[in-house]
Amino acid sequence: MQDYDYEQQRKKIREKREKAQELLRAKKKSTPEKKPDWFKIKLPGGDNYTELKKNLRDNKIWTVCEEASCPNLTECWAAKTATMMILGGTCTRACRFCHVDTGNPKGVINQEEIANAANMAKVMALNYLVITSVDRDDLPDFGASHFANVVESVRENHPKTLVEVLVPDFNAVEEHMDTLAKSNPFVIAQNVETVKRLTHVVRDRRAGYEQSLNCLKYYKDNYPHISTKTSLMVGLGETMEELIECMDDLRSVNCDIITFGQYLRPTQRHLAVERYYTPAEFEELKNIAYEKGFKFVASGPLVRSSYKAADYLKHLREQGHEI
């Protein structure tokens, strides 16, 4: 029997440790320690904010805007726009940019969300409500029917509120996408999140760049009256050429709306920020997107998927559409 080579084993351990330390040093070097000045924001406040928050607590309603500590909360609430998360707080996927808990919800659905959505629209006198969710791969229809029930509840009980949905991919099953679309939301959003090359680094392995594009295409091909939307984070190591390629891919499936926002690292366990884009670069992305034919573009350091979502409605009305 050959003797175990302890020295060789120690050498391998040392090499692995040194390599790991080298990678850590490189990551620290490439990751800015301090956010740029343009990330300074005002804390939520004002009489309208205080009154709305009290009404929400009295009615036991919580918004994504608050739970995610959204920097745009006061601005959106003043415009009577808000975001609500449904299907619980545990996601069945584990994207490397997202701070939502990952696990197995075991098929549990809170049916009170259906009434809560309509009540939230009423309490906040909303013009525009964005409904989003975690991924629910544990459900037979991936949560599509619950999404549809929530949308229909808002439309029936508070018809003045337009509803945008930011939905999972429902595993690209057309039957489930039909279930959602037949509830007739104003906008259907499905986020590609990042450029093609970085998809499998940034997103869960069950998500896919082509799959998201195919979902957007299916909704537009079969429900052309519903606007489609997507969002990208920047600062993950993508190039401008890749972002332009992504815009071309999205326009090839007739995606109507696109937003660009800066990726911010939730914790040290998540992907590092490779760089911060300047306001001028966000303006350049916005101009390119409009040149590509997108109907509406939101682009800026603090822009998130649902940021100023109702501005699309304002944009349409300014163009003469009766909505």
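Here are some notes:
- Yes/no for LEU216 being closer than 24 Å to SER252 by Cβ and either of a type outside the set (D, E, K, R) or in contact with a helix residue (DSSP H, G or I) (Cβ under 9 Å, 6 or more places away or on another chain) (or both): yes
- Every residue from segment 220-238 that is of a type outside the set (Lys, Arg) and within 23 Å of CYS98 (Cβ to Cβ): THR228, THR230, SER231, LEU232, MET233, VAL234, GLY235, LEU236, GLY237, GLU238
- Under the condition of being farther than 10 Å from VAL234 by Cα and surrounded by 17 or more Cβ atoms within 10 Å (Cβ to Cβ), the residues counted in segment 255-271 number 6.
- Scanning segment 118-146 for residues that are closer than 22 Å to TYR312 by Cα and outside any loop (DSSP other than H, G, I, E, B) yields ALA118, MET120, ALA121, LYS122, TYR128, LEU129, VAL130, ILE131, THR132, SER133.
- When segment 147-170 is limited to residues that are farther than 19 Å from LYS314 by Cα and of a type in the set (A, V, I, L, M), the one that is surrounded by the most Cβ atoms within 10 Å (Cβ to Cβ) turns out to be VAL150.
- Residue among TYR290, TYR277, TYR263 that is closer than 19 Å to VAL100 by Cβ and in contact with a strand residue (DSSP E or B) (Cβ under 7 Å, 6 or more places away or on another chain): TYR263
- Among the residues of segment 195-213, those that are outside any helix (DSSP H, G or I) and farther than 12 Å from LEU271 by Cβ comprise VAL195, ASP204, ARG205, ARG206, ALA207, GLY208.
- Among (1) of a type in the set (Val, Ile, Thr); (2) surrounded by fewer than 22 Cβ atoms within 10 Å (Cβ to Cβ); (3) closer than 23 Å to PHE97 by Cβ - the single one VAL130 does not satisfy: (2)
- Scoring PHE97 on the criteria (1) under 29 Å from ARG265 (Cα atoms); (2) crowded, with 19+ Cβ neighbours inside 10 Å; (3) modelled with pLDDT of 75 or more; (4) touching a Phe, Trp or Tyr at 6+ places or on another chain (Cβ under 7 Å) leaves a single failure, condition (2).
The values are calculated or read from the model by the stated rules, or taken from the named source; none is laboratory data. These numbers come from a predicted model, not from an experiment. Counting neighbours? That spans all protein chains shown, and the Cβs are built from the backbone with ideal geometry, glycine included.
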